[in-house]
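K.L.:
First the structure, then my questions, so here it is.
No value in this document is a laboratory result; all are computed from the given coordinates. Since this is a predicted model, take the numbers as computed values, not measurements. All Cβ positions, even for glycine, are placed from backbone atoms using ideal geometry, and neighbour counts span all protein chains on display.
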Amino acid sequence: DSLAFIINQSAATFLGFEDPVGKTLKWNGTPFTIIGVIDDIMQESPFYPVRPTLYHIDQFDNMNNLILKLNPNRDVAGSIKIIEQTLKKYSPDVPFDYKFVDEDFGSKFLAEERIGKLSSYFAVLAIFISCLGLFGMASFVAEQRTKEMGIRKVLGASTANLWRLLSIEFIVLVSLSCLIATPIAYFYLQGWLANYDYRVEISWIVFVAATIIALLITLATVSFQAIKAALMNPVKSLRTE
């Protein structure tokens, strides 16, 4: 029916219709009847909300593009071949060209993908530099407390006790760092995601996992120097000036 509209959900909300089907809209003075409401379809930029849209049959046959949904149970190449043959049958002079919506939208996120990759590279570099710093600091602390470790070992402290004594300081410092960084990272990410109408929600699990990973990396980095100091011969430790 060329005098009928199908509208999307955004259009129904914009028009204020609770039950749009059967309602009449005038377009250029011509009344059109709404015969159906469909879900919002993202046809333009994924960075902006779907606009209120009206769908109707163009009585002047001014058609430039067709949006088709392929049967997922059929071969894509075969489906495209059938579509091409059908279009050539009715419009033999019109060149056939096509593109996939997911690939088209994917190209719009190339900048975000590049930022994500660069962020990952710099994050790995920052972690590596931090590990070097932790390793150097642990080595310095262990050297400064050599005599203390020897005395504690003579008095009966176990290797595990000495390891815990040296490691706990770094664990506390890293835990405080995560505690300070978490709200800052959360509000920064919330502000960044606010630029997108279609976005994911930030789960607290992400921050918990990041904290656990940071603590594990700290333990792995510090433990070498801590265990080395704990296993040192107490006689040698007490002779150290």
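K.L.:
Over segment 110-239, with a single point scatterer placed on each C-alpha, what log10 of the ratio I(q)/I(0) does the Debye formula yield at q = 0.13, 0.17, 0.20 1/Å?
P.N.:
Once normalised to I(0) and log-transformed, intensities are -0.67, -0.93, -1.14.
K.L.:
If you take all C-alpha pairs in the chain, what percent of them are over 31 Å apart?
P.N.:
So the portion of pairs separated by more than 31 Å is 58 percent.
K.L.:
For segment 1-62, what is the convex hull (Cα atoms) projected area averaged across all directions, in square nanometres?
P.N.:
It is 4.7 nm².
K.L.:
For every other residue with a beta carbon closer than 11 angstrom to the beta carbon of residue 193, add +1 if it is Lys or Arg and -1 if Asp or Glu, then tell me the sum.
P.N.:
-1
K.L.:
What are the lysines whose alpha-carbon lies under 20 Å from the alpha-carbon of residue 117, with same-chain residues fewer than 8 places away excluded?
P.N.:
The reachable lysines, counting only those whose Cα sits under 20 Å from residue 117, are 108.
K.L.:
Once R0 is set to 51 Å, what does the formula 1/(1 + (r/R0)^6) return for the Cβ-Cβ distance between residue 141 and residue 96, expressed as a FRET efficiency to the nearest 0.05?
P.N.:
My answer for the efficiency is 0.10.
K.L.:
Which of 218, 182, 33 moves the most in a Gaussian network model of the chain with Cα springs under 10 Å?
P.N.:
In the Gaussian network model the winner is 33.
K.L.:
For the chain, what proportion of DSSP beta bridges, expressed in % and rounded to the nearest 5, is antiparallel?
P.N.:
Antiparallel bridges make up about 55 percent of those DSSP assigns within the chain.
K.L.:
With the dipole of the chain worked out from charges on the C-beta (+1 for Lys and Arg, -1 for Asp and Glu) around the Cα centre, which of 41, 10, 161 lies farthest toward the positive end?
P.N.:
The residue sitting most towards the positive pole is 161.
K.L.:
For residue 20, what is the net charge nearby, where nearby means another residue's Cβ is under 15 Å from its Cβ and Lys, Arg count +1, Asp, Glu -1?
P.N.:
That sum, taken over residues with Cβ under 15 Å, equals -2.
K.L.:
Sum -39500 (n - 2.57) across every DSSP H segment of at least 4 residues in the chain, then divide by the residue count to get the 222 nm mean residue ellipticity, nearest 500.
P.N.:
Dividing the helical sum by the residues of the chain leaves -20000 deg cm²/dmol.
K.L.:
Between residue 42 and residue 76, what is 0.36 nm times their sequence separation minus the Cα-Cα distance? Round to one decimal in nm.
P.N.:
Taking 0.36 nm per residue and subtracting the Cα distance, the gain is 10.1 nm.
K.L.:
Residues in segment 105-125 near a label at residue 65, defined as backbone nitrogen under 12 Å from the 7 Å Cα→Cβ point?
P.N.:
Only 105 fall inside the zone, counting backbone N under 12 Å.
K.L.:
Can I ask one more? Would you kindly calculate the mean projected area, averaged across all directions, of the convex hull enclosing the Cα atoms of segment 119-182, in square nanometres?
P.N.:
5.3 nm²
K.L.:
With the cut-off at 1.5 for a/c, could you classify segment 1-137 from its C-alpha gyration tensor as rounded, prolate or oblate?
P.N.:
Oblate is the answer for segment 1-137, as a/c is 1.5 or above yet b/c matches or exceeds a/b.
K.L.:
Still on this structure: Looking at the chain, do any whole DSSP H helices span at least 24 angstrom along their long axis by alpha carbon and average 1.0 or above on Kyte-Doolittle, and which?
P.N.:
110-144, 159-193, 204-230
K.L.:
I need to check one value: relative contact order of the chain, counting alpha carbon pairs closer than 8 Å and at least 6 residues apart, in percent.
P.N.:
Averaging sequence separation for qualifying contacts and normalising by length gives 21 percent for the chain.
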